[in-house]
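Take a look at the structure set out below.
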Amino acid sequence: MQQVLLNLLLNGMDAMGDVPPTSRRMVVSARRLDAATAEVAVGDAGHGIAVGRLAKVFEPFYTTKSSGLGMGLAISRTLVEGHGGRIWAENNADGGATFRFTLPLALPANRTETA
């Protein structure tokens, strides 16, 4: 998950390259959605993602960057899904985009929990 988080942070910083320094901001948050699931979100104040491209950004070799390979988000999706989670992107109402991923929470070996 370190690779996923690093990729999302670097992408967010790249997305804000043309934003005036005083307007740049990134927000990273984590929360427990329910007894079995956590969500991590990385939001930026960049230009956002064209609505028609939101579903494509996780496809291999698809990139919106002039110097990108288009593999970072595809690899992130593979890693998150490989751990039983889900990843998606959405545009923020005030500009920029937020990438979110969910992961199942592990329980201690000596404990079971019912929802």
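Just so it is clear, none of the values below were taken in a lab; they were calculated from the coordinates. On a predicted model such as this, the values are computed, not experimentally measured, just so you know. Quick reminder, even Gly has a Cβ in these numbers, built from the backbone with ideal geometry, and neighbours come from all protein chains shown.
Rounding to the nearest 10 and keeping the result within 0 to 90°, find how far the Cα-based axis of helix 2-15 lies from the longest principal axis of the chain.
On a 0 to 90 degree scale, this one is about 20.
Using modelled amide H (1.01 Å from N, peptide plane; none on Pro or chain starts), what sits under 5 Å from the amide H of THR37, excluding residues fewer than 5 places away?
Here the answer is LEU105, since their amide H atoms fall under 5 Å of that of THR37.
Pairs of Cα atoms under 8 Å, at least six residues apart: use those to get the relative contact order of the chain, whole percent.
Answer for the chain is 28 percent.
Evaluate 2.2 N^0.38 Å with N set to the residue count of the range 2-104, then give the Cα radius of gyration divided by it.
Compared with the compact-globule rule of thumb, the range 2-104 sits at 1.04.
In degrees, nearest 10, range 0 to 90: what is the angle between the Cα axis of helix 72-82 and the longest Cα principal axis of the chain?
10
If each residue's Cβ is checked for other Cβ atoms within 10 Å, how do GLU81, GLU39 rank with the fewest at the top?
Lowest to highest Cβ neighbour count: GLU81, GLU39.
Just the number, please: percent antiparallel of the DSSP beta bridges in the chain, rounded to the nearest 5.
100
Where does each of ASP44, ASP94, ASP14 land when they are ranked from fewest to most other beta-carbon atoms within 10 angstrom?
Exposure proxy ranking, most exposed first: ASP94, ASP14, ASP44.
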